[in-house]
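Student: The following block contains the structure, expressed as structure tokens.
The values are calculated or read from the model by the stated rules, or taken from the named source; none is laboratory data. Bear in mind the structure is a predicted one, so any value in this text is a computation, not a measurement. Note: ideal-geometry Cβ built from the backbone for every residue, glycine included; neighbour counts use all protein chains shown. Please note that ligands, DNA and RNA were not included when accessible areas were found on the heavy atoms of the full protein model with its side chains. Shrake-Rupley method; radii C 1.70, N 1.55, O 1.52, S 1.80 Å.
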Amino acid sequence: MDKVEGAAEDRQHEFRVEELAEAAGITTRTLRFYRERKLLQAPRREGRIAWYGEHHLARLRMIAELLDRGHTLGGIAELIGAGESGRDVAQLIGLEAAIIAPWSDETPVHLDWDELKAALGDQLTEENTTESIDQGFITVEEDGITHVSRRLMDATTALVAEGVPLSAVLEASRRTQEHVTAIAEIFTSVVREHLLGALTADTPLPPGEAARLTEQVLRIRPLARTVTDAQFALAMDRQVQATYDGLLRQRMEQHEGD
């Protein structure tokens, strides 16, 4: 009796091709295309009827999620093949998410032209606007601008209020971008060479390796910020002291000349 009830319950969770396509939100043509590309497991057959189960629906939903993330069908086929050869697809997806997750948590800010004029005055020139666009900070709209980072915008207007020309702020920003890009390249190179080398190897990842790498990446991400912040603070200590000493010597030399 239990076996009969179990078989009936399994049947309730099976779909014909049209039903599966509807449940997954795709066309039957797309479903058959996935079958041809080996993206979908073979169905169970009863005579000429193909029956698909919940695992087929889960696979289709996973394909849709990966497509939304920007994966190609070829890349998805590779991921699925990796999972079927012993590597867990879900773990590989989790590793990808940990690696490419955004580092910045900046909040964009919109300012209309009156607000910009009040903050920047006559330094709101075409040249400075063009430079801000080139650096990727702002997009110009009919009613004003949107800056990618409220913190950077606030810092910029504060520096201008203290008497630093906007052109000098933007020049310092451009030079800073060059250096922080180099720092980012150093960190990514270290992680790629010493921790993620297995991803570029020809041999499959051992079972559970993707999950282990995911945990490692999540532990390392905050360390990069810690190292960068500490190094910057130490460099500022050295540079400020050297600059102050230079100003002090210059002042003493001027007094001695008098």
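Student: Considering only Glu18, Glu215, Glu96, give the residue with the highest GNM mean-square fluctuation for the chain, with springs between Cα atoms whenever their separation is below 10 Å.
Tutor: Fluctuation is largest for Glu18.
Student: So for the chain, averaging the separation of alpha carbon pairs under 8 Å that are six or more residues apart and normalising by length, what relative contact order in percent results?
Tutor: Relative contact order comes out at 16 percent.
Student: Add +1 for every Lys or Arg and -1 for every Asp or Glu among the other residues with Cβ under 14 Å from the Cβ of Ala158, and state the total.
Tutor: Surrounding charge for Ala158 is 0.
Student: Further, regarding this structure: Using a 1.4 angstrom probe on the protein heavy atoms only, could you order Arg29, Arg249, Arg48 from most to least accessible area?
Tutor: Arg48, Arg29, Arg249
Student: Please calculate the 1.4 Å probe accessible area of Asp68, with all protein chains present, and give it to the nearest 10 Å².
Tutor: 140 Å²
Student: Quick check: net charge around Leu40, other residues with Cβ under 11 Å of its Cβ, Lys/Arg +1 and Asp/Glu -1?
Tutor: +4
Student: Out of Ile76, Ile183, Ile26, any idea which swings most in a Gaussian network model of the chain, alpha carbons joined below 10 Å?
Tutor: Ile26
Student: Going by accessible area, probe 1.4 Å, with all protein chains left in place, what is the ranking of Arg61, Arg174, largest first?
Tutor: Arg61, Arg174
Student: Taking the full set of protein chains and a 1.4 angstrom probe, give the accessible area of Ile133 in square angstrom, rounded to the nearest 10.
Tutor: It works out to around 80 Å².
Student: Rolling a 1.4 angstrom probe over the protein chains, ignoring ligands and nucleic acids, what is the accessible area of Glu185 in square angstrom, nearest 10?
Tutor: 110 Å²
Student: Using the charge dipole of the stretch 118-258 (Lys, Arg: +1 at Cβ; Asp, Glu: -1 at Cβ; taken about the Cα centre), state which of Met236, Pro207, Ala224 has its Cα farthest towards the positive end.
Tutor: Farthest towards the positive end: Pro207.
Student: Compute, for the stretch 153-238, the length of the dipole vector about the Cα centre, with Cβ point charges of +1 (Lys, Arg) and -1 (Asp, Glu) only. Units Debye, rounded to 20.
Tutor: With Lys and Arg at +1 and Asp and Glu at -1, about 120 debye.
Student: Less than 14 Å Cβ to Cβ from Ala230, Lys/Arg counted +1 and Asp/Glu -1: what total charge do the surrounding residues give?
Tutor: Local net charge: 0.
Student: Is there a quick way to get the dipole size of the chain? I mean about its Cα centre, with the Cβ of Lys and Arg at +1 and of Asp and Glu at -1; what is the value in debye to the nearest 20?
Tutor: With Lys and Arg at +1 and Asp and Glu at -1, about 1620 debye.
Student: Another question, then. For Trp103, Trp113, Trp51, give the ranking by accessible area with the largest first, probe 1.4 Å.
Tutor: Putting Trp103, Trp113, Trp51 in descending order of accessible area: Trp103, Trp113, Trp51.
Student: Another question about this same structure. Of Gly53, Leu79, Ala98, which is farthest on the positive side of the dipole of the stretch 22-143, counting Cα position, with +1 on Lys and Arg Cβ, -1 on Asp and Glu Cβ, and the Cα centre as origin?
Tutor: Gly53
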